[in-house]
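K.L.:
Before I ask anything, let me first share the structure, which is written out below as structure tokens.
Laboratory data are not the source of any read-out in this text; all were calculated from the coordinates shown. No experiment lies behind these values; they were computed from the predicted model shown. Note that we place each Cβ from the backbone using ideal geometry, even for glycine, and neighbour counts take in every protein chain shown.
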Ligand code: ADP
Ligand code: MG
């Protein structure tokens, strides 16, 4: 074993690694409808309904920094990011389990704060905490949440159903959580250099809230039902628009054109990005943690969502051979690169 050539996780990347590790697992159970590869797995429930399951872990130092993350917000966020994956399947979230590993640095009171946030999310999203696991860790805190949901089989939306010429739609606005993180990191550096200086967070409420206490788009699942629109493919925007678009295009065998001028960006995101010398478009494409939904709809459904304040059409799918492009404000086509998704790069 020690003589064998070793592959670094950095060189293979997160998705390459998942593929390698899971490739030999073939489903044996009739009840397993869909396993690895989408926002949530599907298990048969009865003739008409399926159970949806999704897991995500948050690790101190990787996903959060307790210097500026209140534990209550962290608990809330840990739940929300998991529910988001259930909504991304067009499902309803019903239960969660929560596992934590904490070092001796954390007193009971700290974990109670964390659980206040978890409780709040359970109230707001109407889900039950039904179990979990508690263990110690050598250093730091880890929270792993599993979300369980349900959907009618015929309502489930996968990542792989988008077709050429269909419209690409995104909910809410993008890039704010990333700019919120930049603000927090800047103030952390200022504080480290001089602990007497108070953090200057005034006027950044929206960006900070999007980073520290994001919401999942449960409402969109309801709106789509009310509008009688079933997306042909859907994913939640956890890693940045470019990366999520890549997932849909790869799995649906299509290409895409999205238009810079159509991207939904809050004014505060643009102005703050420019202050930081970052292009607002880059925040949207590669920022991540927005927890909005990205989906495709048939052209004939356009009238149903036209003018909807929660949804923006940002482009359309093309043939696979055409590739993925951002059309900039001057009309030039810039090839999209998936960034922001590789947890093992540069760390
Ligand atoms: P998301 O960004 O929606 O949370 P991920 O990128 O984390 O999705 O995961 C992609 C797919 O790979 C999912 O189906 C997930 O369940 C699966 N997956 C991720 N890590 C592992 C692992 N270590 N073992 C088995 N399956 C995994
Ligand atoms: Mg997801």
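K.L.:
May I ask you to sort 29, 217, 210, 186 by Cβ crowding, counting other Cβ atoms within 10 Å and putting the fewest first?
P.N.:
29, 186, 217, 210
K.L.:
Sort the chain into rounded, prolate or oblate with this rule: let a ≥ b ≥ c be the square roots of the eigenvalues of the Cα gyration tensor; rounded if a/c is under 1.5, and if a/c is not under 1.5, prolate when a/b is larger than b/c, oblate otherwise.
P.N.:
rounded
K.L.:
Using a ≥ b ≥ c from the Cα gyration tensor of segment 9-155 (square roots of the eigenvalues), is it rounded, prolate or oblate, where a/c under 1.5 gives rounded and otherwise the larger of a/b and b/c decides, a/b for prolate?
P.N.:
oblate
K.L.:
Now for a separate question. Could you please rank 67, 89, placing first whichever residue has the fewest other Cβ atoms within 10 Å of its Cβ?
P.N.:
Lowest to highest Cβ neighbour count: 67, 89.
K.L.:
Further, regarding this structure: So how far, in whole Å, is the C-alpha centre of segment 1-31 from the one of segment 100-119?
P.N.:
If you average the Cα positions of each part, the centres end up 33 Å apart.
K.L.:
Continuing with this model, one more query. Rounded if a/c is under 1.5, else prolate if a/b is larger than b/c, else oblate: which is segment 167-335, with a ≥ b ≥ c the root eigenvalues of its Cα gyration tensor?
P.N.:
Because a/c hits 1.5 or more and a/b exceeds b/c, segment 167-335 counts as prolate.
K.L.:
Would you mind ranking 122, 283, 249 so that the residue whose beta carbon has the fewest other beta carbons within 10 Å leads the list?
P.N.:
Arranged by neighbour count, lowest to highest, 122, 283, 249 become 122, 249, 283.
K.L.:
Report the residue, chosen from 247, 310, 73, that carries the largest GNM mean-square fluctuation when the chain is represented by alpha-carbon nodes joined by springs under 10 Å.
P.N.:
310
K.L.:
Taking the mean number of other Cβ atoms within 10 Å as a proxy for protection, how do you rank 157-167, 13-23, 218-228, 232-242 from highest to lowest?
P.N.:
Ranking, from highest mean packing down: 232-242, 157-167, 218-228, 13-23.
K.L.:
Counting helices only, and only those DSSP H runs with n ≥ 4, report the 222 nm mean residue ellipticity of the chain as the sum of -39,500 (n - 2.57) divided by its residues, in deg cm²/dmol to the nearest 500.
P.N.:
Mean residue ellipticity, 222 nm, calculated: -10500 deg cm²/dmol.
K.L.:
Evaluated at 20 °C with a viscosity of 1.002 mPa s, what Stokes-Einstein diffusion coefficient in µm²/s does segment 236-281 have when Rh comes from the Kirkwood expression over alpha-carbon pairs?
P.N.:
My calculation gives 175 µm²/s for D.
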